[in-house]
Amino acid sequence: MKLNVLAFALTAGLLWALGILFVQTLNALLPPYGGKFLILLSSIYPYYRPEESFAYVLLGMLYGFLDGLISGAMFAWVYNQFSEWFGSPRTGA
């Protein structure tokens, strides 16, 4: 079975962006929640800061979407390569 690389990449990007939004929202409502995770993201994503500013929330979601998009595409492509190389042998009838 092969994965659709574009569909998998878009799904991974959307899920990662929504995950960042979820953590940022909970951090705004319950301040200690996810604080260290958001600090980690700020060390990875340039110009992103874990503050309660709408601009930083959008920037974090944009970085998350791009990160998930690229990672998802790479994962699906590698999966497809391995499934071709190590897939079950076809038996002729």
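Coordinate-derived values only; no laboratory data. Since the structure is predicted, the reported quantities are computational estimates derived from the model, not experimental observations. Quick reminder, even Gly has a Cβ in these numbers, built from the backbone with ideal geometry, and neighbours come from all protein chains shown.
Once the Cα atoms of helix 5-29 and of the chain are each reduced to a long axis, what angle between those two axes, in degrees from 0 to 90 to the nearest 10, is obtained?
The answer is roughly 20 degrees.
With axes computed from alpha carbons, what is the tilt in degrees of helix 54-86 against the longest principal axis of the chain, rounded to the nearest 10 within 0 to 90?
Helix 54-86 sits at roughly 20 degrees to that axis.
Fully extended, how many nm does the chain gain between residue 4 and residue 43 (0.36 nm per residue separation, minus their Cα-Cα distance)?
Working: separation 39, 0.36 × 39 = 14.04 nm, distance 3.17 nm.
That pair, residue 4 and residue 43, stretches by 10.9 nm at full extension.
Would you kindly calculate the translational diffusion coefficient of the chain, applying Stokes-Einstein with the Kirkwood radius from alpha carbon pairs, for 4 °C and a viscosity of 1.567 mPa s, and quote it in µm² s⁻¹ without decimals?
The calculation lands on 87 µm²/s.
What does the highest-first list of 70-81, 38-49 look like by mean Cβ count within 10 Å?
70-81, 38-49
Taking Cα atoms, how many degrees apart are the long axis of helix 35-44 and the longest axis of the chain, rounded to 10 and kept between 0 and 90?
70
Estimate the FRET efficiency between residue 77 and residue 22 by the formula 1/(1 + (r/R0)^6), using the beta-carbon distance for r and 35 Å for R0, to the nearest 0.05.
Efficiency, from the Cβ-Cβ distance: 0.80.
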